[in-house]
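Written below as structure tokens is the structure these notes are about.
Please treat every number below as a calculation from the coordinates, not as lab data. Since the model is a prediction, treat every value here as computed from it, not as a measurement. Positions of Cβ are generated from backbone atoms using ideal geometry, with glycine treated the same way; all protein chains shown enter the neighbour counts.
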Amino acid sequence: MQGYNAIVVFNKDEDEILMCKRERNPYKGLLNFVGGKIEKNETGFDAAYRELEEETTITKDDIILSHLMDFSYHLGNCYLEVYVGKLNKEKEVSGEENELVWSDLNHNFFDATQYAGEGNIGHILMHVEMFKKDLLK
């Protein structure tokens, strides 16, 4: 079963999240969390920090990630691990794979015409809000 991760990154003030505009399918043109594949023999945390640095230049020195939840897609033979963190300082981000944008939290993240994942982004952010004090250190 192939593993993937999605990483919810809050800015230092916790009023914006980092999104990427997907350049390819699935979900081409839609906003999504940053993330990617978990490589064989790689822990979930190691993969999350590696993907975060590769896609955004955010390093372990800039953020502490917490593991929020997992999704298993049995028919798709894959799973998704979700991590959450808050930048500990102002950080300029950049990436070559997808355009990166900071989004305020006043959006309908369940809107499948703008956001990837068939409502997963909204679902994940509802859980982040429920456990925010434990997740954002």
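Scanning region 104-135 for residues that are crowded, with 17+ Cβ neighbours inside 10 Å, under 23 Å from Asp61 (Cα atoms) and not β-branched (Val, Ile, Thr) returns a single hit, Leu135. The residues of region 44-70 that are out of contact with any Lys or Arg (no Cβ under 9 Å at 6 or more places or on another chain) and within 13 Å of Leu80 (Cα to Cα), listed by number, are Gly44, Phe45, Ala48, His67, Leu68, Met69, Asp70.
In the condition set (1) within 20 Å of Glu96 (Cα to Cα); (2) touching a Leu at 6+ places or on another chain (Cβ under 8 Å); (3) not in a helix (DSSP H, G or I); (4) not hydrophobic (A, V, I, L, M, F, W, C), Tyr49 is compliant with all but (3).
Quick check on Tyr27: is it assigned to a strand (DSSP E or B) and out of contact with any helix residue (DSSP H, G or I) (no Cβ under 7 Å at 6 or more places or on another chain)? Answer is no for this residue. If you filter region 93-137 down to residues that are of a type in the set (A, V, I, L, M, F, W, C) and touching a helix residue (DSSP H, G or I) at 6+ places or on another chain (Cβ under 7 Å), you find that the one that is farthest from Met69 (Cα to Cα) is Val93.
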